[in-house]
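Participant: Supplied in structure tokens, the structure appears directly below.
The values are calculated or read from the model by the stated rules, or taken from the named source; none is laboratory data. It should be emphasised that the depicted structure is a prediction, and the values quoted were computed from it without experimental measurement. As a convention, Cβ positions derive from the backbone with ideal geometry for all residues, glycine included, and neighbour counts pool all protein chains shown. Accessible surface is based on the protein model in full, side chains and every heavy atom, while ligands, DNA and RNA are left aside. Shrake-Rupley method; radii C 1.70, N 1.55, O 1.52, S 1.80 Å.
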Amino acid sequence: INFTAATQSVTESIGTATITVQLSATSGKLITIPFAVNVSSTATGGGGDYALPASPLIIPAGGTSASISVTVTDDANFETSETVVIDLGTPINANAGPNIVHTLTITDNDPPPTVAFTTTASTNSESIATFTIPVSLSASSSQSISVDYSVTGGTATSGADFTLTSGTLTFASGIITQSISLNVNNDLKDELDETIILTLSNPTNTSLGANTTHT
């Protein structure tokens, strides 16, 4: 008994991937073939990235092959290619051949997300003390994503009107929103409204979206 191929690659939009096991000759006996997922697999089972039928495979008397149908989940996450490694166990009424390990590679079909400010402008009183400005991804990602931010303009004075240093936002796997926090100085001056212009730059594992500045 052998897998007909040691590897195959499918996109996650395929729906069902078929892995075939074949006998070298016809048998007059029913053949039972246990199988299991190897711990080296990088895809998540149980419907996360894929789902498998229950072991074992059965080849009836007179049959020559059987198939494992892998249900592939077409999610909206941007992710690297992932693998499902299946090992055949000791068959009943047959001998194991040399090809008893099959690696199914699932390639992603989702474009990388973009990162941007959720709005281009916001307003608040200087009495707020701390002002938060959200930055969001257009979709979830299984990869860690980062983007730099800095103050690039405005009429407010750093140190006197607000406090914010340049920094980097990091989006861990599955996180789609982070926030930039700046401290606002509530002084006693009667003054005009003032602005702070923030700009995003240097994205990693993503690209910049439409709203790269926020006032």
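Participant: Would you look at the GNM of the chain, springs on alpha carbons closer than 10 Å, and say which of Asn202, Asn109, Asn77 moves the most?
Facilitator: Asn202
Participant: Then there is this: Accessible area per residue, 1.4 Å probe, Å², for the chain: what's the number? Walk me through the numbers on the way to the answer.
Facilitator: On the way: 10890 Å² over 215 residues.
Result: 51 Å² of accessible area for each residue.
Participant: Between Ser150 and Ser173, take the C-beta separation as r, use R0 = 22 Å, and let me know the FRET efficiency to the nearest 0.05. Spell out each step's value before the answer.
Facilitator: Details: r = 26 Å, r/R0 = 1.16.
It comes out at approximately 0.30.
Participant: While we're on this one: Arrange the residues Thr32, Thr155 by how much accessible surface each exposes, largest first, with a 1.4 angstrom probe. Numbers along the way, then the final one.
Facilitator: Working: Thr32 30, Thr155 90 Å².
The ordering from most to least exposed comes out as Thr155, Thr32.
Participant: On to the next question. Rounded if a/c is under 1.5, else prolate if a/b beats b/c, else oblate: with a ≥ b ≥ c from the C-alpha gyration tensor eigenvalues square-rooted, which is the chain?
Facilitator: Details: a/c = 5.06, a/b = 4.70, b/c = 1.08.
Prolate, since a/c reaches 1.5 and a/b exceeds b/c.
Participant: On a 1.4 Å probe surface of the protein chains, which of Leu192, Leu30, Leu200 comes out largest in accessible area, and what is the full order?
Facilitator: Numbers: Leu192 150, Leu30 90, Leu200 5 Å².
Most to least solvent-accessible, the answer reads Leu192, Leu30, Leu200.
Participant: Let me ask you something else. Residue by residue through region 128-139, what is 3J(HN,Hα) from phi via Karplus (6.51 cos²θ - 1.76 cosθ + 1.60, θ = phi - 60°)? Round to whole Hz and write x for glycine and proline.
Facilitator: In residue order, the calculated couplings are 5, 6, 10, 10, 10, 10, x, 10, 10, 8, 6, 7 Hz.
Participant: Sorted by accessible area (1.4 Å probe), largest first, how do Val151, Val135 line up? List each step's numbers first, then the result.
Facilitator: Values: Val151 55, Val135 0 Å².
Putting Val151, Val135 in descending order of accessible area: Val151, Val135.
Participant: Can you find, among Gln8, Gly89, Ala36, the residue farthest towards the positive end of the dipole of region 1-111? Put +1 on the C-beta of Lys and Arg, -1 on that of Asp and Glu.
Facilitator: Gly89
Participant: Then there is this: By how many nm would the segment from Ala25 to Asp193 lengthen if fully extended, with 0.36 nm per residue of separation less the alpha-carbon distance?
Facilitator: Working: separation 168, 0.36 × 168 = 60.48 nm, distance 8.48 nm.
Between Ala25 and Asp193, full extension yields an extra 52.0 nm.
Participant: Collect residues whose amide H, placed 1.01 Å from N in the peptide plane, falls under 5 Å from the amide H of Ser81; neighbours closer than 5 in sequence don't count.
Facilitator: Those lying under 5 Å, H to H, from Ser81 are Asp108.
Participant: Probe radius 1.4 Å, ligands and nucleic acids ignored: give me the carbon and sulfur share of the accessible area of the chain as a rounded percent.
Facilitator: Carbon-and-sulfur percentage of accessible area, whole number: 52.
Participant: Suppose the chain between Ser69 and Ala210 were pulled fully straight at 0.36 nm per residue; how much longer would it get relative to their current alpha carbon spacing?
Facilitator: Details: separation 141, 0.36 × 141 = 50.76 nm, distance 4.17 nm.
The Ser69-Ala210 span can extend by a further 46.6 nm.
Participant: Which of Ile176, Ser150, Leu198 sits closest to the plus end of the dipole of region 76-215, meaning its Cα is farthest towards the positive end, when Lys and Arg get +1 and Asp and Glu get -1 on the C-beta?
Facilitator: Ile176
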